[in-house]
């Protein structure tokens, strides 16, 4: 099993929220990360689900992982941003149909 496949399997956790946070970072940020950040991510994945959730939500601090945790959260939130053009187009379509 190659490294990315192994990590993808380790990113499968007990909640959808953790799965999404971890997989989004793995698919985007991890690929661009240096060796030190990659090693930190592997260490992060060793945490139990409840600890991992607390770390990613900012309720628990782990020494040396602040920057990585910020990146994991940022990649997750970036994937959920909306496109103003998409919503503008939708409202134009609705106004044409009397909605």
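The values are calculated or read from the model by the stated rules, or taken from the named source; none is laboratory data. Everything numeric here is computed off the predicted structure, so don't read it as measured data. Neighbour counts are summed over all protein chains in view; Cβ atoms, including those assigned to glycine, are modelled from backbone coordinates with ideal geometry.
Name the residues in region 10-26 that are in a loop (DSSP other than H, G, I, E, B) and either in contact with a strand residue (DSSP E or B) (Cβ under 9 Å, 6 or more places away or on another chain) or surrounded by 18 or more Cβ atoms within 10 Å (Cβ to Cβ) (or both), would you?
Step one: of region 10-26, the residues in a loop (DSSP other than H, G, I, E, B) are 11-15.
The answer is 11, 13.
When the residues of region 64-81 are narrowed to those that are out of contact with any helix residue (DSSP H, G or I) (no Cβ under 7 Å at 6 or more places or on another chain) and over 18 Å from residue 38 (Cβ atoms), which ends up modelled with the lowest pLDDT?
The extreme case among them is 81.
Scan region 27-70 for residues that are surrounded by 12 or more Cβ atoms within 10 Å (Cβ to Cβ) and assigned to a loop (DSSP other than H, G, I, E, B) and jot them down.
Once the filter is applied, which keeps residues that are surrounded by 12 or more Cβ atoms within 10 Å (Cβ to Cβ) and assigned to a loop (DSSP other than H, G, I, E, B), region 27-70 yields 28, 33, 45, 47, 57, 60, 62, 65.
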